[in-house]
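Remarks on the structure that follows.
The values are calculated or read from the model by the stated rules, or taken from the named source; none is laboratory data. Note that the structure is a prediction, hence the values are computed from the model and not measured. Positions of Cβ are backbone-derived with ideal geometry, glycine not excepted, and every protein chain shown enters the neighbour counts.
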Amino acid sequence: MRPASLRVSIGQHSLAGAHAENQDFHGAFVPRGALLASKGIALALADGISTSRVSQQASAMAVRTFLDDYFATSEAWTVRRAANCVLAATNSWLHGQTMAGDGRFDKDRGYVCTFSALILKGRKLHLFHVGDSRIYRLHPQSLEQLSEDHRIALAANESYLARALGTASHIDIDHRSWEAAPGEVYLLATDGAYSQLTATEINQALAQHPDDLDAAAAQLVAQARAAGSDDDATLQILRIDALPDADSPQALLRREHLALPPPLAPRLAFEGFTIIRPLQVSARSHVHLASDDASRQPVVLKTPSVDLRDDPHYLDSFVFEEWVARRVDSPHVIKAWNGERQRRHLYVAMEYIEGQTLAQWMTDHPAPPLAAVRDLIAQAALGLQALHRRDMLHRDLRPQNLMLDRQGTVKLIDLANVHVGGLAESAGQPVAELPPGTLQYMAPECLLGEESSVRSDLFSLAAITYQMLTGQLPYGLASARIRSPQDLKALRYVPLRHHRPDLPAWLDAVLAKALHPNPGKRQEVVSEFAHDLQHPAPEFTRIRRVPLLERDPVRFWKILSGLLGLCVFILLLLRVRGV
Amino acid sequence: MAYLAPAEFVTKMVDAGESKLLMSTRDTLVRAYMAGAILALAAAFAVSVTVNTGNPLIGALLFPVGFCMLYLLGFDLLTGVFTLAPLAVMDKRPGATWNGVLRNWSLVFTGNFAGALTVAVFMAIIFTNGFSEAPNAIGQKIGHIGEGRTVGYAAHGAAGMLTLFVRAVMCNWMVSTGVVAAMMSTSVSGKVMAMWMPILVFFYMGFEHSIVNMYLFPSGLMLGGNFTFMDYMIWNEIPTVLGNLVGGLTFVGATLYSTHYKTAPKRKVA
């Protein structure tokens, strides 16, 4: 059976008010195929302020750019990030126009408009809103207003618009999201339309025109006009006819047509590659070095292990890993093999990185200088940032997953566990039952079942930094054994100088912050951590004198025991002499 | 029924060993307690079958049910962690230390002992009608099983101790082979078949298993066996634990690790 796909009906109508020009603008876009799955459908409407002569340009610009640019953003981005990004750009442009024209003295004459949009992606609806247009959900007896009017009341009959696009260089856009249900009806309306409409009228119009929502919208706008509205009136109706299945994978991650590969062996011809030798064969995956028969380029092939062949999530990750690798372009992240070929088997083809893993480097350099560690970590941080910029989280950072090539470039490999914000929203990303990753490097919040974040990747990177410097893990195995939030309090960060007294004290403060059990107390982003490692902020260098007990506990106890021993000796002496 | 090549199941062994070291204290104790209890119950069951049929082979043939149950439920026996936990240290897994291995062994020992002791008390109640009468036939058999395997060894002095130790080594050679064999298959039926064979061998041959003994001997003390607690400790449990350790580590863990794992090139790309 084919999985159900997203189907909606849309109706819209706009009518100019008493003054000739219609300052409202509206639009909707329902893409087809892969774009529908990755970005969803969007409706947007804007209402230019009536005091301005240019506001119709502002409303047209806002809706047009939103509908064009939202669908051009990366499919890895979440809806919220993509929409906010597009709206921020639109707002900047409008504000620039306002400041360049009459509006710089009087905002009421600038490029200013309200903006409301609905995006339906996967099974979720997202609302974006600024100003006093409204978004409603229709019920049999009532209209439920989902957006908030950004108006400030001065008196009973007097109020003004508190927030709108084009008024300031930065504005806050309201965002809400919720699970949609088939059969639901939503309305977007400007003030000319909504002030005169009731739920009964809307339900009647929908009943009269069940297959032509445009006609229903036109009828409702006409009714509003007849009831006495003289402002521009625009109404958009969205009816959800069918939603995709909750767990149906996206078309781009389908693997039904791919067979499981045979066991690979040297000199075997496989899908246009010739296998050269195994690199690693384990219960997790089989990795072979191969040569592309067409280009003679070396390539790394990863095939499923026998042990996990029955695990559908594991097999999904094989389609997924290349998808991620093709979307990240960074010198510090592994690239997918660049050839295209019709595939018959399930496998991952990646570039071959000649070099060693960071784990091997650590074995070869047991007590490396800070400068060397800093350079490698800064490169790994760049790789992580490249992922984070695309709303992706690596989630399995460990020394085995960082490769150093012959030129000393660090590259992140193994993208099978990457979390992609935009895919997770549309249920397109394989979801494993256990938190993915390696327990020793996993941030404590992930072990407690909370969602991982940029700061969880930061924790893993900081744990690797600590291990490179000292050969130990910052919390030993205690962080891997966490079961409940109470266990977090028992975590004790062991200062670096217990292992390496030669390292500067501020380094401890930087690492302790990045390794804090509470993600809220860590650096905000990976680049901040990498920067702190190179240019410690004053908060890290202003460190109190460390007491002897912490600096050198052994000597402290030796001295104390010596003093106590001396006391005992004196007391004994006094006793013997009979004093 | 898929069969995993050695290269695959040996990484699974090392991964399993690593996960033992990463387990929280509570989980380790609970899982060890349940493993000890289930194995003790299986031992009581096997002795009952032997007494009722008069044929030890039938008891041995059926004893592996307990082992299969506890393995499939994910519980840990001391004999298993003797083999698996050190592999994580040998493979230099991050954070794996001998201290961690000793911690795991002592927790599992404690849990296994507590579990076996619980079943020993429960079964003693059943065999003696709540300590109100003399033990029944099975109770008497269990009561006296321990004598030959404590005082009996002691009678031979150093030679007895050597025999005891070798029997313990042989035991965990077989039992750990069962644990490892279960990893070779990905299906439940395959795992059960793979485990059944070596466990059957060890039980019929009367090899010394530290956890089975944690049930048999305390039961013996409760059911009128003619040996003391110190006899049990010195002339059975402690040498058995050491023999099990040597057997599991040398014949199973270290051999498979060195021949199937260390030879592979150590790198992971993609």
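Filtering segment A:320-344 to residues that are closer than 21 Å to A:PRO304 by Cβ and surrounded by 17 or more Cβ atoms within 10 Å (Cβ to Cβ) leaves A:PHE320, A:GLU321, A:GLU322, A:TRP323, A:VAL324, A:ALA325, A:ILE334, A:ALA336, A:TRP337. Residues being away from chain A (no Cβ under 14 Å), surrounded by fewer than 24 Cβ atoms within 10 Å (Cβ to Cβ), in contact with a helix residue (DSSP H, G or I) (Cβ under 8 Å, 6 or more places away or on another chain) and among the β-branched types (Val, Ile, Thr) are represented in segment B:93-113 by at least one member. Scanning segment B:184-200 for residues that are modelled with pLDDT of 90 or more and either closer than 14 Å to B:VAL252 by Cβ or not in a helix (DSSP H, G or I) (or both) returns B:ALA194, B:MET195, B:PRO198, B:ILE199. Within segment B:125-142, residues that are of a type in the set (Asp, Glu) reach no partner that is surrounded by fewer than 11 Cβ atoms within 10 Å (Cβ to Cβ) with beta carbons closer than 9 Å at six or more positions or on different chains.
Scan B:PHE203, B:PHE217 and give me the residue that is crowded, with 24+ Cβ neighbours inside 10 Å, over 30 Å from A:LEU289 (Cβ atoms) and over 12 Å from the mean Cα position of the chain (by Cα). Result of the check over B:PHE203, B:PHE217: B:PHE217. Report, by residue number, each residue of segment A:429-465 that is at pLDDT 95 or above and at the interface with another protein chain (Cβ under 10 Å from one of its Cβ atoms). Listed by number, the residues that qualify are A:ALA463, A:ILE464. Looking only at residues in segment B:20-35 that are at the interface with chain A (Cβ under 8 Å from one of its Cβ atoms) and in a helix (DSSP H, G or I), the one that is surrounded by the most Cβ atoms within 10 Å (Cβ to Cβ) is B:LEU21.
Where strands (runs of 3 or more DSSP E) fall wholly inside segment A:103-189, the ranges with 1 or more residues that are under 26 Å from A:PRO244 (Cα atoms) are A:113-121, A:124-130, A:134-138, A:143-145, A:174-179, A:185-189.
Checked against the criterion of being closer than 19 Å to A:HIS95 by Cβ, surrounded by fewer than 24 Cβ atoms within 10 Å (Cβ to Cβ) and free of Cβ contacts under 8 Å to residues at least 60 places away in the same chain, the candidates A:VAL30, A:VAL54 yield just one match: A:VAL54.
Mind checking which residues of segment A:280-296 are in contact with a Ser or Thr (Cβ under 7 Å, 6 or more places away or on another chain) and assigned to a loop (DSSP other than H, G, I, E, B)? The answer is A:SER282, A:ALA283, A:ARG284, A:ASP293.
Out of all the residues in segment A:222-238, is one or more buried (at least 20 other Cβ atoms within 10 Å of the Cβ) and assigned to a helix (DSSP H, G or I)? For segment A:222-238, residues buried (at least 20 other Cβ atoms within 10 Å of the Cβ) and assigned to a helix (DSSP H, G or I): present. Close Cβ contacts (under 6 Å, 6 or more residues apart or on different chains) running from residues in segment A:35-47 that are crowded, with 24+ Cβ neighbours inside 10 Å to residues that are of a type in the set (Lys, Arg) comprise A:GLY40/A:LYS121. Here the condition is being of a type outside the set (Gly, Ala, Ser), surrounded by fewer than 23 Cβ atoms within 10 Å (Cβ to Cβ), within 14 Å of chain A (Cβ to nearest Cβ) and assigned to a helix (DSSP H, G or I); of B:LEU256, B:LEU242, it holds for B:LEU256 alone.
More than 14 Å from every other protein chain (Cβ to nearest Cβ), modelled with pLDDT under 90 and more than 29 Å from B:ALA7 (Cα to Cα) - does that describe any residue in segment A:341-361? Yes, segment A:341-361 has at least one match.
For the condition at pLDDT 85 or above and either of a type in the set (Asp, Glu) or part of a strand (DSSP E or B) (or both), what is the one hit in A:GLU256, A:GLU201? One residue alone meets the criteria, A:GLU201.
Scanning segment A:459-505 for residues that are closer than 16 Å to A:GLN400 by Cα and among the aromatic types (Phe, Trp, Tyr) returns a single hit, A:TYR466. Looking only at residues in segment A:392-409 that are closer than 17 Å to A:TYR352 by Cβ and of a type in the set (D, E, K, R), the one that is farthest from the other protein chains (Cβ to nearest Cβ) is A:ARG406. Scanning segment A:466-504 for residues that are more than 11 Å from chain B (Cβ to nearest Cβ), among the β-branched types (Val, Ile, Thr) and assigned to a loop (DSSP other than H, G, I, E, B) returns a single hit, A:VAL494. Please verify whether segment A:156-176 includes one or more residues that are of a type in the set (Gly, Ala, Ser), under 24 Å from A:GLY40 (Cβ atoms) and in contact with a Leu (Cβ under 9 Å, 6 or more places away or on another chain). Looking for residues that are of a type in the set (Gly, Ala, Ser), under 24 Å from A:GLY40 (Cβ atoms) and in contact with a Leu (Cβ under 9 Å, 6 or more places away or on another chain), one finds none in segment A:156-176, hence no.
In the condition set (1) in contact with a helix residue (DSSP H, G or I) (Cβ under 6 Å, 6 or more places away or on another chain); (2) part of a helix (DSSP H, G or I); (3) more than 18 Å from A:ASP375 (Cα to Cα), A:SER452 is compliant with all but (2).
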